[in-house]
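Peer 1: Quick one: this structure, given as structure tokens, is what I'll be asking you about.
Every number in this text was worked out from the coordinates using simple rules, so none of it is lab data. Everything numeric in this text was worked out from a predicted model, so none of it was measured. No Cβ is skipped: glycine too gets one built from the backbone with ideal geometry, and neighbour counts run over all protein chains shown.
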Amino acid sequence: MAVETAAVMDPAGLKAIGAGLAVGLTGIASGIAERDIGSAAIGAMAENEALFGKGLILTVIPETIVIFGLVVALLIS
Amino acid sequence: MRLLQRLKGGMGSQTQGHSNYAYTTARVRAMKGKLLSKETYPRLMNMQISEITRFIQEVEYKEDVDQLARSYEDVDLIEHALNRNLAVTFNKLLNISEGELNFLISEYLKKYDIWNIKTILRGKHCDASTDDILESIVAAGRLTYTFTSELAAKPTYEDVIAALSASECYSILKDYNGTNLSDIENRLDKNYYYDLFQAIGDPKTKDRKLFTKFIQTDIDLKNLVTLFRLKRYGITDPLMADLLIEGGLKLHFKEMERMLSLSFEDFLVQLENTPYWEEISDCCGPKMESLIHVETRLKKLRLKSAESFSHVYPLSIVPIMDYILSKENEVSNLRMIVRGKEVGLSDEEIRDQLVI
């Protein structure tokens with residue numbers, strides 16, 4: 001007689017996976033968004049060094065995406 | 001967006017590696033910001049040639065003037081410095097771009113190779129000295145300045161053509177017999193546009209479509225200038241269709257062929273049906289004395305349309321084309337002022353020629 005054992009995953013594990021996905025995927029998204037902005041900022045800076053400040057700020061704006069991911073990860077874990 | 005296009009596989013077959021559109025377009029826009037402003041030209045008009053030399057030495061042309069100051073002076077110095085700067089700037093565009101973008105820019109800049117070959121052949125045709133030929137050389141294409149100056153130093157046109165035997169345009173050049181220069185020049189120009197359209201291929205993406213439109217507008221305006229010149233001097237020979245370039249955007253070849261047999265007045269009436277009339281209507285009429293105003297207006301239209309194209313799709317080759325045109329215009333304006341002053345033209349006459 002076979003005994004069926006119900007496999008129940010620990011909710012803490014699922015939360016950890018969710019948190020990991022939230023940070024990981026938003027990190028990738030930030031990277032993709034920053035790639036073009038960063039290279040454009042470098043291009044503009046190569047011609048005009050005064051654009052360094054503006055370039056830096058514009059480059060880190062997509063960083064908000066991963067910050068939101070981090071917040072979500074902290075909330076669910 | 002570009003990522004999506006690449007996933008769809010719509011980037012065309014000539015994609016060679018990754019293109020750095022963001023870097024190049026941002027840099028080129030910063031370079032465009034350094035071009036001379038509209039307000040500078042009236043100031044330049046009030047300067048002497050030596051003051052203009054000093055002025056351009058303080059802006060973007062410093063290195064060029066410094067380099068060439070040992071060999072040339074006055075107007076020749078400015079002329080050479082402007083040409084050198086143009087070549088250096090366009091070579092820089094090739095150096096900072098990668099992949100498909102680099103390929104398209106180099107195909108576009110081949111017009112300078114054609115320009116240089118034409119200049120050398122013209123020079124040889126009228127026995128100009130090597131220095132005179134070099135004055136008009138802009139080594140912004142694939143042919144280097146060293147190679148072009150070697151070509152200019154060749155004694156006869158046969159030697160020039162033999163030295164170009166490995167180039168793409170040799171098949172046309174070999175038909176040159178010393179008398180059919182204009183025919184060869186027309187064929188070179190037509191071949192340039194044909195090759196350019198081949199390089200763009202079947203435009204699938206939005207930026208390639210815009211680039212094609214940009215080139216087609218270029219052809220339209222060139223044809224329009226040719227038609228104006230032909231009509232102004234009363235030439236109605238249908239064989240002159242050979243001077244027109246096929247592939248325009250709004251002026252179809254058949255339509256232009258029909259215009260060829262018309263008189264100047266009828267030609268203007270026909271022109272009213274074209275979209276370009278709106279731009280030039282106030283400066284042309286049956287009694288117009290010179291074509292300067294119309295040609296200047298068409299050049300302005302060209303710059304305006306390039307600028308508006310560049311805003312439609314910022315991450316594409318079009319902002320770079322816009323910069324190339326603006327730079328060429330700046331150099332031609334400076335040359336106009338300097339040459340005008342040298343031969344003693346009045347301010348009014350020089351101002352008419354400027355495209356600001």
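Peer 1: Under a straight-distance cross-link criterion of Cα-Cα below 19 Å, which aspartates and glutamates are reachable from B:K190, leaving out those fewer than 8 residues away in the same chain?
Peer 2: Output for B:K190: B:E107, B:D113, B:E168, B:D175, B:D202, B:D218, B:D220, B:D242, B:E246, B:E255, B:E257.
Peer 1: Still on this structure, I have one more. Once R0 is set to 56 Å, what does the formula 1/(1 + (r/R0)^6) return for the Cβ-Cβ distance between B:E257 and A:S77, expressed as a FRET efficiency to the nearest 0.05?
Peer 2: Result of the calculation: an efficiency of 0.15.
Peer 1: Related question: In percent, how large is the relative contact order of chain B, given Cα pairs closer than 8 Å and 6 or more residues apart?
Peer 2: 20
Peer 1: Going down the list B:K32/B:K206; B:K92/B:K209; B:K231/B:K287; B:K92/B:K222; B:K111/B:K154, which pairs span over 20 Å between their C-alpha atoms?
Peer 2: Table pairs above 20 Å Cα-Cα are B:K32/B:K206; B:K92/B:K209; B:K92/B:K222; B:K111/B:K154.
Peer 1: Can you tell me how chain A classifies by the Cα gyration tensor, rounded, prolate or oblate, using a/c under 1.5 as the rounded cut?
Peer 2: prolate
Peer 1: Which of the aspartates and glutamates could be linked to A:K54 by a straight reach, that is with a Cα gap under 18 Å, when you skip same-chain ones fewer than 8 residues away?
Peer 2: List returned: A:E34, A:D36, A:E63.
Peer 1: Placing +1 at every Lys and Arg Cβ and -1 at every Asp and Glu Cβ, with all other atoms neutral, what dipole size does the protein assembly as shown have around its Cα centre, in debye to the nearest 20?
Peer 2: That gives a dipole near 1120 debye.
Peer 1: Summing -39500 (n - 2.57) over the DSSP H runs of n ≥ 4 in the protein assembly as shown and dividing by its residue number, what mean residue ellipticity at 222 nm do you reach, to the nearest 500 deg cm²/dmol?
Peer 2: After summing the helix terms and dividing by the residues of the protein assembly as shown, the value is -22000 deg cm²/dmol.
Peer 1: Additional query: How high is the relative contact order of region B:202-316, in percent, counting Cα pairs under 8 Å that sit 6 or more residues apart?
Peer 2: 27
Peer 1: Quick one: longest stretch of chain B between exposed loop GluC sites (Glu not before Pro), exposed meaning at most 10 other C-beta atoms within 10 Å and loop per DSSP?
Peer 2: After excluding every exposed loop site, the longest remaining stretch is B:40-271.
Peer 1: Considering every residue in B:152-163, what mean count of other chain Cβ atoms within 10 Å of its Cβ is obtained?
Peer 2: Per residue, the number of nearby Cβ atoms from other chains is 0 on average.
Peer 1: Which whole number gives the average, over all residues in B:30-41, of C-beta atoms from other chains lying within 10 Å of the residue C-beta?
Peer 2: 2
Peer 1: With the contact rule set at Cα under 8 Å and sequence spacing of 6 or more, what percent relative contact order holds for region B:195-258?
Peer 2: 33
Peer 1: Let me ask you something else. Taking the Cα atoms of chain B alone, what are Rg (to one decimal) and Dmax (as a whole number) in Å?
Peer 2: That works out to 21.0, 60 Å for Rg and Dmax.
Peer 1: Sticking with this structure for a sec: So if I average 1/r over every pair of distinct C-alpha atoms in the protein assembly as shown and take the inverse, what Kirkwood radius in Å does that give?
Peer 2: 25.2
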